[in-house]
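Structure, as structure tokens:
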There are 2 protein chains.
Amino acid sequence: MTSFNLLLLPGDGIGTEIMAEVKRVIDWFGARGVASFEYEHDLVGGSAYDAHGKAVSEATMAKALAADAVIFGAVGGPKWDGVPYDVRPEAALLRLRKDLALFANLRPAICYPALADASSLKRELVEGLDILIVRELTGGVYFGEPKEIVTLENGQKRAVDTQLYTSPEIERIARVAFDLARARNKRVASAEKRNVMKSGVLWNQIVTRVGKEEYADVALEHVLADNCAMQLVRRPKQYDVIVTDNLFGDILSDVAAMLTGSLGMLPSASLGAPDATTGRRKALYEPVHGSAPDIAGKGIANPIAMIASFGMALRYSFGLVAEADLLDRAIAGVLAKGLRTADIATAGTTPCGTTAMGDAIIAELDILST
Amino acid sequence: MTSFNLLLLPGDGIGTEIMAEVKRVIDWFGARGVASFEYEHDLVGGSAYDAHGKAVSEATMAKALAADAVIFGAVGGPKWDGVPYDVRPEAALLRLRKDLALFANLRPAICYPALADASSLKRELVEGLDILIVRELTGGVYFGEPKEIVTLENGQKRAVDTQLYTSPEIERIARVAFDLARARNKRVASAEKRNVMKSGVLWNQIVTRVGKEEYADVALEHVLADNCAMQLVRRPKQYDVIVTDNLFGDILSDVAAMLTGSLGMLPSASLGAPDATTGRRKALYEPVHGSAPDIAGKGIANPIAMIASFGMALRYSFGLVAEADLLDRAIAGVLAKGLRTADIATAGTTPCGTTAMGDAIIAELDILST
Ligand SMILES: [Mg+2]
Ligand SMILES: [Mg+2]
């Protein structure tokens with residue numbers, strides 16, 4: 001039986017509570033014998049700072065580099081507002097992304113039919129929405145040099161950021177997107193500003209070439225990034241996979257997330273290059289939501305985005321597609337039955353707690369798998 | 001009586017037809033004696049290319065520079081697909097923007113109650129929407145240097161665009177936004193990425209300082225640009241004026257436009273520095289929609305965005321605020337009475353033509369002003 005090695009980093013705030021539910025789901029899949037999941041815990045974020053004076057210790061980093069997948073909760077909270085900038089809780093995530101070289105950020109926008117009314121869009125436009133935004137995460141204008149503010153001789157200031165992409169950076173993110181589309185509806189939309197940006201011209205050329213030479217079975221369209229934002233608002237279901245750069249992906253993934261009407265329900269994955277020995281890509285999975293310190297410790301946090309993040313690990317790190325589908329169906333199932341944590345409760349529904357939601361998902365897994 | 005000097009540039013496609021309706025509206029206001037409007041026509045775009053071999057002649061440019069406001073229709077069409085790049089129809093608009101130094105692009109997103117159902121958002125979220133996006137139009141990553149694609153020694157390519165803003169560029173666009181907010185609901189939201197971009201840090205600092213020192217009566221909030229895109233989808237009516245850079249404005253103005261459900265209804269303005277003699281800002285007004293060559297000459301084009309663009313000229317170039325309000329009310333009035341051109345017709349409504357829509361707006365102006 002294949003064995004997978006997970007590092008669980010619950011983090012701060014509600015991280016611990018929602019990770020507890022993930023563990024039950026991991027154990028459920030382990031007990032079914034689909035694979036052997038070995039996992040260990042470690043501190044990250046504010047809790048790691050309290051213990052070690054750093055947002056992530058070197059020992060934890062070594063474990064993350066050795067793991068088949070890192071399952072990350074959420075970090076931060078008012079308790080650590082005053083800590084030095086380079087050891088603030090959020091620094092842990094940046095360090096993990098950097099050292100694991102996680103260049104591909106996968107942001108699914110899924111609208112569960114049971115929650116479609118929570119969207120600001122009309123139900124028919126978002127019900128059943130299932131698109132995947134693939135954002136380049138380690139290049140572009142957030143990282144390019146020069147990046148500075150200088151004071152000119154006349155006292156004026158001048159700020160510069162540099163949007164920079166090389167052909168290999170674009171090739172590797174394009175391949176991730178095409179590979180993902182192959183396992184979905186075989187359609188990729190590449191969003192760029194080729195009309196006004198040289199990086200958009202190169203992006204367009206490289207994605208076109210990779211598509212033609214290596215993925216002739218996947219349909220590719222190009223869309224101007226601003227038009228893509230409009231189209232997401234107008235008719236989001238027209239898309240399958242959208243691949244885009246760091247800056248545009250930052251915006252488009254948030255627009256897509258907001259369409260679903262339930263930001264607290266969305267998982268994400270960040271993938272790196274394949275490991276030299278296992279061939280598996282370095283990977284970190286985390287919910288899109290934060291550590292919600294205001295409701296931490298109350299047992300009312302919604303564990304679905306965290307559990308769905310483990311679902312992405314099943315699909316993208318472990319190749320357990322049927323199991324990932326099963327977990328997604330179990331989540332949709334409990335929602336269809338009316339179960340709601342406080343964050344997604346509407347009039348006429350009684351909110352349940354974190355553990356009760358976990359219980360229900362486990363029960364639904366039992367039902368769906370017999 | 002104050003005299004204003006307009007240059008009308010109908011352009012190509014439906015430009016001529018919709019500009020004809022604008023002329024009737026100008027004449028209506030002239031006949032009422034609110035001001036003396038002098039206007040002349042000229043060619044621009046493909047029609048100018050056909051006549052002079054250039055998208056805009058030097059004589060036309062001289063008139064544009066001397067005018068109190070340029071009213072621009074739309075340019076382009078398949079007829080000119082093969083003309084050289086630097087004399088293509090769109091080059092006229094770029095030349096006008098550059099020579100008139102139109103650094104402030106005003107994009108109102110207005111949702112007429114009568115058309116709210118055309119939005120992909122739920123009616124209650126967009127009905128009565130009235131926000132104004134102020135986009136910096138001549139700086140930022142679309143123009144900064146270096147801007148190039150180079151081939152490296154190893155054969156790889158490297159593309160660079162440069163996001164660059166100076167403090168005076170940010171000051172002047174901030175002042176435009178604060179001035180506009182003062183005549184509206186006195187609220188400005190500045191959208192930037194101060195968390196990851198140095199240009200965002202400088203933008204934040206300068207807008208904050210201008211607001212504090214010169215516009216203490218206007219409420220200022222800062223919002224991360226990606227969050228702003230989300231908020232526009234979630235609850236757009238929370239905003240009054242949004243000020244942002246060229247790139248973010250390109251995206252946010254399109255998202256905001258799409259919320260209204262009727263892209264063909266939206267006007268825009270581009271403003272430059274105040275003229276040395278008149279004190280009036282250089283200004284160009286144009287509909288957001290294009291030249292629609294497919295329906296040109298059929299008398300079915302919707303003239304509302306073009307007429308509303310003249311309404312913006314009344315408001316922003318001529319200071320005729322009551323008259324601008326009157327024209328806006330007249331447009332809303334004919335829509336409320338059910339009048340629809342083909343582009344906005346729904347089941348149960350009979351589409352009218354371009355001239356009939358102009359007739360109705362003139363008639364409504366008569367009714368509202370007596
Ligand atoms: Mg974002
Ligand atoms: Mg745009």
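Every number in this text was worked out from the coordinates using simple rules, so none of it is lab data. Predicted, not measured: the structure shown is a model, and the values here were computed from it. Counting neighbours? That spans all protein chains shown, and the Cβs are built from the backbone with ideal geometry, glycine included.
Looking at this model, which pairs from B:K63/B:K282; A:K212/A:K282; B:K54/B:K98; B:K147/B:K193 are more than 19 angstrom apart at the alpha-carbon? Listed pairs above 19 Å: A:K212/A:K282; B:K147/B:K193. Amide H contacts for A:V75 (H built 1.01 Å from N in the peptide plane; partners 5 or more residues away or on another chain; cut-off under 5 Å): A:D12, A:S291.
Evaluated over the Cα positions of segment A:93-202, the convex hull gives a direction-averaged projected area, one quarter of its surface, of 11.2 nm².
Projecting 7 Å from Cα along the Cα-to-Cβ direction, the label point of A:Y85 sits 4.1 nm from its equivalents in the other copies, listed shortest first. Take the Cα pairs of segment A:226-334, get the Kirkwood Rh, then feed it into Stokes-Einstein at 25 °C and 0.890 mPa s and tell me D in µm²/s. My calculation gives 155 µm²/s for D.
In this label model, B:S369 and B:R235 are separated by 4.1 nm, measuring between points 7 Å along each Cα→Cβ vector. Placing +1 on the Cβ of every Lys and Arg and -1 on the Cβ of every Asp and Glu, with no other charges, gives chain B a dipole of roughly 720 debye about its Cα centre.
The mean number of partner chain beta-carbon atoms within 10 angstrom of a residue's beta-carbon across peptide A:247-259 is 6. Note on B:D50 and A:A66: the model spin-label points, each 7 Å out from Cα along the C-beta direction, lie 7.6 nm apart. Leaving out same-chain residues fewer than 8 places away, which aspartates and glutamates sit with a Cα under 14 Å from that of B:K337? Straight-line reach from B:K337, under 14 Å: B:D359, B:E364.
Against the compact-protein benchmark of 2.2 N^0.38 Å, the Cα-based radius of gyration of segment A:67-144 scales to 1.51.
Between the beta carbons of B:D99 and A:T346, assuming R0 = 60 Å, the FRET efficiency works out to 0.60 to the nearest 0.05.
The fewest-to-most ranking of A:T370, B:T16, B:T278 by surrounding Cβ atoms within 10 Å reads A:T370, B:T278, B:T16. Taken along the Cα-to-beta-carbon direction at a fixed 7 Å, the label points for A:E213 and B:E90 span 2.8 nm.
Once C-alpha pairs closer than 8 Å and six or more residues apart are averaged by separation and normalised to the residue number of segment A:130-259, the relative contact order reads 37 percent. Here the Karplus relation 6.51 cos²θ - 1.76 cosθ + 1.60, evaluated at θ = phi - 60°, turns the backbone of segment B:322-337 into coupling constants of 4, 5, 4, 4, 4, 5, 4, 5, 5, 5, 4, x, 5, 5, 5, 7 Hz, with x for every Gly and Pro. Once Rh for chain B is found with the Kirkwood sum over Cα pairs, what is the Stokes-Einstein diffusion coefficient at 10 °C and 1.306 mPa s, in µm²/s? Calculated translational D: 74 µm²/s.
Volume of the convex hull of segment B:185-239 (Cα atoms only), normalised per residue: 57 Å³. For the segment B:112-122, counting C-beta atoms of other chains within 10 Å of every residue's C-beta and taking the mean gives 3. As a proxy for reagent exposure, A:K193, A:K23, B:K79, B:K337 were ordered by neighbouring Cβ count within 10 angstrom, fewest first; the result is B:K337, B:K79, A:K23, A:K193.
Note on chain A: antiparallel DSSP beta bridges, both residues inside, total approximately 40 percent of the bridges counted. Gaussian network model of chain B, Cα springs within a sub-10 Å range: biggest mean-square fluctuation belongs to which of B:L93, B:L152, B:L102? Maximum among the listed residues: B:L152.
Beta bridges from DSSP with both residues in segment A:130-259: antiparallel share about 25 percent, rounded to the nearest 5.
Taking the charge dipole of the protein assembly as shown about its Cα centre, with +1 at Lys and Arg Cβ atoms and -1 at Asp and Glu Cβ atoms, the residue from B:V334, A:A51, B:T278 reaching farthest to the positive side is B:V334.
Looking only at segment B:37-52, which residues have a backbone nitrogen under 19 Å from a spot 7 Å from the Cα of B:T278 in the C-beta direction? Answer for segment B:37-52: B:37-43.
Distances between copies at A:E124, taken between label points 7 Å from Cα along the C-beta direction, are 2.1 nm in increasing order.
With a 10 Å cut-off between alpha carbons and a GNM built on chain B, which of B:G338, B:G82, B:G311 moves the most? In the Gaussian network model the winner is B:G82. Principal semi-axes of the equivalent ellipsoid, √(5λ) from the alpha carbon gyration tensor of segment A:130-259, are 29, 17, 11 Å from largest down. For A:E148, the label point sits 7 Å beyond Cα toward Cβ; its separations from the matching points on the remaining copies run 1.9 nm, from shortest to longest. Please list, in chain and number order, the residues 5+ apart from B:S268 or on another chain whose amide H is under 5 Å from its amide H, with Hs placed from the backbone. HN-HN under 5 Å from B:S268: B:E286, B:V288. Residues in segment B:167-188, backbone N under 11 Å from the label point at B:Q205 (7 Å along the Cα-to-beta-carbon vector): list them, ranges by number please. Those under the cut-off are B:167. Per-residue mean of foreign Cβ neighbours for B:227-235 is 6 (Cβ atoms of other chains, 10 Å radius). Here the calculated FRET efficiency for A:A336 and A:R187, from their Cβ-Cβ distance with R0 = 35 Å, stands at 0.80, rounded to the nearest 0.05. Calculated on the alpha-carbon coordinates, the convex hull of the protein assembly as shown measures out at 187 cubic angstrom per residue.
Over the C-alpha atoms of segment B:273-370, the Rg to Rh ratio, Rh being the Kirkwood estimate, stands at 1.04. The calculated FRET efficiency for the pair B:F143 and A:Q156, based on their C-beta separation and a Förster distance of 22 Å, comes to about 0.80.
Here the Gaussian network model covers chain B, with springs between Cα atoms less than 10 Å apart; of B:I206, B:I307, B:I71, B:I206 fluctuates the most. Amide H contacts under 5 Å for A:V44: A:G11, restricted to partners 5 or more places along the chain or on a different chain, H placed in the peptide plane at 1.01 Å from N. Taking GluC sites (Glu not before Pro) across segment A:88-163, the ones in a DSSP loop with at most 10 further Cβ atoms lying within 10 angstrom of their Cβ are A:E153. Converting phi to 3J(HN,Hα) with the Karplus coefficients 6.51, -1.76 and 1.60 and the offset θ = phi - 60°, segment A:179-191 yields 4, 5, 5, 4, 8, 10, 9, 6, 9, 10, 10, 9, 9 Hz in sequence order, with x at every glycine or proline. Where the alpha-carbon atoms of segment B:7-145 are placed on the principal axes, they occupy 50, 47, 29 Å, in descending order. Once phi is turned into ³J(HN,Hα) by the Karplus curve 6.51 cos²θ - 1.76 cosθ + 1.60 with θ = phi - 60°, what whole-Hz value does each residue of segment B:129-139 show in order, with x for glycine and proline? Per-residue couplings from phi come out as 3, 8, 10, 10, 9, 10, 9, 5, 10, 10, x Hz.
Annotation: lysines with alpha-carbon distance below 19 angstrom to A:K122 (same-chain offsets under eight excluded): A:K237, B:K122, B:K237.
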